[in-house]
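Structure first, then comments.
Read the figures in this text as sums done on the coordinates, not as results from a lab. This one's a predicted model, so the numbers in the text were calculated from it and none came from an experiment. We place every Cβ from the backbone using ideal geometry, glycine too, and count neighbours over all the protein chains shown.
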Amino acid sequence: MTLSEVHWDRHIPLPKLSPVQAKVTVAVVALLCFINSYNGEFVFDDSEAIVNNKDLRPTTPLCNLWKNDFWGSNLSSNSSHKSYRPLTVVTFRLNYLLVGGLHPVGFHVLNILLHAAISALMIDMFAILTGGLSYDEKGRMQNHAPKTSLLAALFFATHPVHTESVAGIVGRADLLCALFFQLSFLAYCKAFNKGSDGDDRFSVQWVVASLLLCAAAMLCKEQGITVLGVNAAFDVLLICNVNVYELSQKLLLKKTFSMSDFHTGLPTRLALMLLGGLSMLYARWKIMGTGPPAFTEVDNPASFAENIFLRIVNYNYYYCLNAWLLVCPWWLCFDWSMGCVPLIKSAADWRMIWLLLLWCILLGLINQALCSPDIQKRRTLTLALVLLVVPFLPASNMFFRVGFVIAERVLYLSSAGYCLLLAYSVGWCCSHWAKYRKLVCVSMLALLCVYVLRCALRSHQWRSEKTLFTSALSVCPLNAKVHYNVGKNLADRGNATAAIVYYREAVRLNPTYVHAMNNLGNILKERNALVEAEELLSKAVSIQPDFAAAWMNLGIVQNSLQNFEEAERSYWNAIRFRKKYPDCYYNLGRLYADQNRHVDALNAWRNATMLKPDHSLAWNNMVILLDNTGNLGQAEAIGREALRIVPNDHTIMFSLANVLGKLQKYKESEGFFLNALKINPKAASCHGNLAVLYHRWGKLEQAKKHYELSLKLDPEAPGTQDNYNMLRRKLDQLKRQTP
């Protein structure tokens, strides 16, 4: 078909830029929106997906990335979330290798650059969806809607709902998925760079390339497969120029229609995409191993509603909230679960109005998209709605239960459809309301400025966990997880008193929140409020019997209360539910040591070091126990073995130095004491014990020096003052004996 410039495009109050200028402009604006997040910290889910993910480490074989989920857990594990995104993890690993460790700046910079590139590429997508697909003699794509595509891309580049995907490093999955989504769509468009008007020829190679890029998008995030739906709609509506309304009328009235209504290549292309899509889904299902992940009621309460009617109503209410985030992205939150969105439990709930409003707007848009006599308007609205709805389908709960209520990151691709609708609205207003053109222009510029400012503010909030979590308190005050995360952040920064307040509020809002109970119990344990700590931890394990960390912490509390038998049972329960639990073996060893069960204690600590070879506390306790029981030879051997594994641990050096001193290996003992002091020069006990060594060795002046250093650092150090006084008396005697 012959394509001409979109009639409303010239009315949009933007300059007509060359393709390169337009893309550079959009990319620069995208960078400006999120640049202040470049030196942010690792926040929220970054801890699990990056900081604690062993798949990023060079020591982990690359093949593990293809066996594990996004969080580093084996896909066959029942606890796995089944988020299979190996290509995203590969980019995290490259970040790690390039900067030589976990330095967040490199991770953030790549996210910002990816968003800028995606925003620039959106111009090409919007140009095709709005102005149609055509190429010049040199095979270059022609843009018949340069201003509409530029404006839509600017809206996309600056939309604040993207902040989670750009400023949160875990959002890399959404960014990479969107990039390959775009490339897959553009590759599909390339398949039609052969024929002219009415020519049915297409390139199978480009269709296959599009499928491969779709697979890449899916390996970045599961949402990537939806590009096949967009490609199919684009083919039917734009390439074949099918009028969906007329076709549906023929079907409803049982009128006949022939394949001449379509291009003859359409069935082949749809068959290729169907075969490719089914193959990807089958491969994905096989990779998941044990079936879909299991989510709890707190993750997605609507999916656990009493009946199908309430589930459908609440799902639709979630759609309303997602739509509202696109229209008014002011109330943004890192987490929308745990009471943040109360369920609708009856048809009399006033929030039902929002459902009716949403569907009235959608049906109105669909009516315009299908029935408008303006072919350009029909094409733009239909494809914009496809781009809005299709990428959102995996998060809609229609096909399977998802593990969230609302997630801003899943709107990254869908927002492109909204931005295209918004740009079309500006063009329509300018072309139909000429006398209000200045008002529309001012409103458009104001909206873009508000978007940029909101992006800057929200990016700043994502720079640290403190600002991110506290920003959510005003948005979701009923969300127990928000209070939990604020409390956890306060506790990590040493403000346990304030943390207790937020943990208590989290438990009040959600009385079954076992992680809040566990953390609150830990703080109370440290504050010696052992009885309340025991009650909380006991309740946590009764609610979730396989909560290994809570069992271990309960054992620690029971040990402190001298309920040794109960403590031992709790430790073994923790180990039963988490087979490889070195910290639990360590604490079990401490329990046995308190009961003078020395052999059992040594075995427990040995298990801890076998599971975690660099468990310095377990190594150190073995050395100390063997030293205290007079097994100096064994203590020396264990100490030397430990230092081969953790060569820079000053506590083990200190303990081994004490053992060597007792064995009268003074020179070696001195070396370990001095090495320990190089690492920790303000260790009063180390100075004190080195002074004792010199005292025994007869190096009295050096002994005097280190006694004085020890007393300066800790005047109350037990025994040091007495030893120092004894040394001074001896030095005085020696002076008197000197002629």
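Compute, for the chain, the length of the dipole vector about the Cα centre, with Cβ point charges of +1 (Lys, Arg) and -1 (Asp, Glu) only. Units Debye, rounded to 20. Write out the running numbers ahead of the final one.
Values: 72 positive and 54 negative charges, 210 e Å.
Roughly 1020 debye for the chain.
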For segment 40-198, the Debye formula with one identical point scatterer on each Cα and no solvent gives log10 I(q)/I(0) at q = 0.10, 0.18, 0.19, 0.20 Å⁻¹ as -0.48, -1.03, -1.10, -1.17
Amide H neighbours of Tyr135 at under 5 Å, excluding residues fewer than 5 places away on the same chain, with H built from the backbone geometry, are Gln142
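So if each residue of separation counts as 0.36 nm, and I subtract the Cα-Cα distance between Glu708 and Thr470, what length gain in nm does that give?
Working: separation 238, 0.36 × 238 = 85.68 nm, distance 4.76 nm.
Contour length minus Cα-Cα distance gives 80.9 nm.
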In segment 309-391, the chymotrypsin sites (Phe, Trp or Tyr not before Pro) that sit in a DSSP loop and have at most 14 other Cβ atoms within 10 Å of their own Cβ are Trp330, Trp331, Trp350
Inter-part gap, Cα centre of segment 71-91 to Cα centre of segment 352-387, in whole angstrom, is 38 Å
With the dipole of segment 577-646 defined by +1 on each Lys or Arg Cβ and -1 on each Asp or Glu Cβ, the option from Val646, Phe577, Asn631 whose Cα lies farthest towards the positive pole is Phe577
In Å, the C-alpha Rg and Dmax of segment 340-434 are 16.0, 48
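List the pairs from Lys678/Lys699; Lys488/Lys612; Lys539/Lys612; Lys662/Lys682; Lys665/Lys705; Lys147/Lys481 whose alpha-carbon separation is above 32 Å, in the order I gave them.
Working: Lys678/Lys699 20 Å; Lys488/Lys612 25 Å; Lys539/Lys612 30 Å; Lys662/Lys682 24 Å; Lys665/Lys705 21 Å; Lys147/Lys481 44 Å.
Going by Cα-Cα distance, Lys147/Lys481 fall outside the 32 Å limit.
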With bins of 10 Å, the percent of all Cα-Cα pairs of segment 75-132 per bin from 0 is 19, 28, 29, 19, 5
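Enter the per residue convex hull volume of segment 560-701, computed from alpha-carbon coordinates, in Å³ rounded to the nearest integer.
Numbers: hull volume 16.3 nm³, N = 142.
Per residue, the Cα convex hull of segment 560-701 comes to 115 Å³.
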Computed from the beta carbon distance with a Förster radius of 56 Å, FRET efficiency for Lys435 and Thr60 to the nearest 0.05 stands at 0.30
Note: probe point = Cα of Leu447 + 7 Å toward Cβ; backbone nitrogen < 12 Å; residues of segment 353-378 passing the test are none
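Run the numbers for Ala347 and Lys667: contour at 0.36 nm per residue of separation, minus the present Cα-Cα distance, in nm. Please report the intermediate quantities before stating the final value.
Values: separation 320, 0.36 × 320 = 115.20 nm, distance 8.37 nm.
Computed gain between Ala347 and Lys667 is 106.8 nm.
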Taking a straight Cα-to-Cα line shorter than 13 Å from Lys67, and setting aside same-chain aspartates and glutamates fewer than 8 residues away, one finds Asp55
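So for segment 359-513, Kirkwood radius off the Cα pairs, Stokes-Einstein at 4 °C and 1.567 mPa s: how many µm² s⁻¹?
67 µm²/s
Find the relative contact order for the chain and round it to a whole percent, using C-alpha pairs within less than 8 Å whose residues are 6+ positions apart. The partial results should precede the final answer.
Numbers: 1054 pairs, mean separation 78.0, N = 739.
Contact order relative to length: 11 percent.
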Each label sits 7 Å from Cα toward the beta-carbon; between Leu731 and Ser279 the label points are separated, in nm, by 8.4 nm
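With Rg and the Kirkwood Rh both taken from Cα atoms, where does Rg over Rh land for segment 55-104? Present the calculation step by step, with values, prior to reporting the outcome.
Working: Rg = 11.0 Å, Rh = 11.1 Å.
On the Cα set of segment 55-104, Rg over Rh gives 0.99.
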Measuring from the longest principal axis of the C-alpha atoms of the chain, the long axis of helix 530-543 (C-alpha) lies at a number of degrees, nearest 10, equal to 40 degrees
Of all trypsin sites (Lys or Arg not before Pro) in segment 463-494, the ones in DSSP coil with at most 12 other Cβ atoms within 10 Å are Arg493
If the chain between Thr296 and Glu716 were fully extended at 0.36 nm per residue, the gain over the current Cα-Cα distance would be 145.9 nm
Between Arg508 and Leu272, the FRET efficiency computed from the C-beta separation at R0 = 45 Å comes out, to the nearest 0.05, as 0.20
Reduced to Cα centres, the span from segment 117-171 to segment 681-709 in Å works out to 71 Å
